[in-house]
Protein chains: 2
Amino acid sequence: MKARSQRPEEQHLTEQLGATGLRLTPQRQQVYDVLLQKRDHPTAEEVFMRAKKAMPEISHATVYNCLDALVKSGLARQVTVERGATRFCPNMTDHGHFHCRACGTIYDVGLPRELPFVSLPPGFAPECHEVTIHGLCGECARQK
Amino acid sequence: MKARSQRPEEQHLTEQLGATGLRLTPQRQQVYDVLLQKRDHPTAEEVFMRAKKAMPEISHATVYNCLDALVKSGLARQVTVERGATRFCPNMTDHGHFHCRACGTIYDVGLPRELPFVSLPPGFAPECHEVTIHGLCGECARQK
DNA sequence: CTAGGTGCAAAAGGTTTGCGGTTAA
DNA sequence: TTAACCGCAAACCTTTTGCACCTAG
């Protein structure tokens, strides 16, 4: 096929995926775009529906595959704050999540710099962490 | 029916549930016992199967109901570390979880005293938090 | 008497799998 | 050419729901 010049973000995607032995495909690009466009921590199903608008033939299996590929390559995080569906988040900075139990919204919250706040048994190799606060967001707390 | 004297733990259960407007039933007691007997963070399905041994007629719906009742009353926590099944934990002390991505085991890990380590937007009302570290446990890290 | 709780069975929702076909390296 | 990836559809697993019955308060 003919050589194609890449936009900078595409290049970043290609590199990150490549470093994990994965290819950049139109579907992976599309799924990543969906995550970037509306950073509301969509479920896999929501990602599927949004991606389907731009790419009607995309399938469930492919969306899961793409999401997993992005997670493996360090381009997105899996967020598990509740029973049922898993959510995804392209914000790779060190942050936690506030989950409102009334409206279900998930907010990114900052974390302090010093994160080795836990002492693990010797030999354990931590790779990443997830911090979730459950409660009521400002709006829901007021209405209660 | 005839008045029944309660063991201390039963009394505690009754009180905690009662404070949330819930009753102590044999099924809730059984589910709670299951959680206490083997603190390996079982999934709802695992709780169901273990409870079924002692109480063969117990149903799925009831196990979910009981687990939710225990969580609402502050007797157990829901633990969501991975895609798929939700897990449960009767350890109500402030602690986090280490999740080994190789063997799947979940270890309780201590957290430092100072936990309001996150600054939330004004008006937000936090109720509880969940800290999960993902990585490889000692054994799996060695084998790799 | 009534609200809360249970068991059953079915439905709903989320995720994975198997397979034939396609495409990039 | 070959390994990686895709779409489709079915399978699988987890969780919820509706309903009839029961029981504690």
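Where a number appears in this text, it was derived from the coordinates with a stated rule and is not lab data. Predicted, not measured: the structure shown is a model, and the values here were computed from it. Note that we place each Cβ from the backbone using ideal geometry, even for glycine, and neighbour counts take in every protein chain shown.
Sorted from shortest to longest, the distances between the A:His95 label points of this copy and the other copies are 3.1 nm, with each point 7 Å from Cα along the line through the beta carbon.
Applying 1/(1 + (r/R0)^6) with R0 = 45 Å to the Cβ-Cβ distance of B:Thr93 and A:Ala19 gives a FRET efficiency near 0.65.
Distances between copies of B:Val71, taken at a point 7 Å out from Cα along the Cα→Cβ vector and listed shortest first: 1.9 nm.
The label point for A:Thr43 and the one for A:Asp68, both projected 7 Å from the Cα toward the Cβ, are 2.0 nm apart.
If you count Lys pairs in the protein assembly as shown whose Cα atoms are under 25 Å apart, skipping same-chain pairs closer than 8 places in sequence, the total is 10.
Pairs of Cα atoms in the stretch B:36-144 fall into 10 Å distance bins, from 0 up to the last occupied one, in shares of 12, 37, 33, 15, 3 percent.
Within 10 Å of the Cβ of each residue in B:90-98, the mean number of Cβ atoms contributed by other protein chains is 2.
The value obtained for the protein assembly as shown, namely the Cα convex hull volume divided by the number of residues, is 189 Å³ per residue. Note: relative contact order over chain B, using C-alpha pairs below 8 Å and six or more positions apart, is 19 percent. Across the identical copies, the 7 Å label point of B:Ala54, projected outward along Cα→Cβ, sits 5.3 nm from its counterparts, in ascending order. Here the residues A:Ser59, A:Ser73, ranked from fewest to most Cβ neighbours within 10 Å of their Cβ, fall in the order A:Ser59, A:Ser73. Neighbour counts of C-beta atoms inside 10 Å place B:Leu35, A:Leu111, B:Leu136 in the sequence A:Leu111, B:Leu136, B:Leu35, starting with the fewest.
Annotation for B:Arg83 and B:Ala141: the two label points, set 7 Å from Cα along the Cα-Cβ direction, are 2.6 nm apart. Take the alpha-carbon centre of the stretch B:81-98, take the same for the stretch A:37-83, and report the distance between them in whole Å. Rounded to whole Å, the Cα centres lie 24 Å apart.
Averaged over the residues of peptide A:128-140, the number of Cβ atoms from other protein chains lying within 10 Å of each residue's Cβ is 6.
Per residue of the protein assembly as shown, the DSSP helices (runs of n ≥ 4 H) give a summed -39500 (n - 2.57) that works out to -11000 deg cm²/dmol at 222 nm.
Sorted ascending by nearby beta carbons within 10 Å, beginning with the fewest, B:Glu10, A:Glu127, B:Glu82 become A:Glu127, B:Glu10, B:Glu82.
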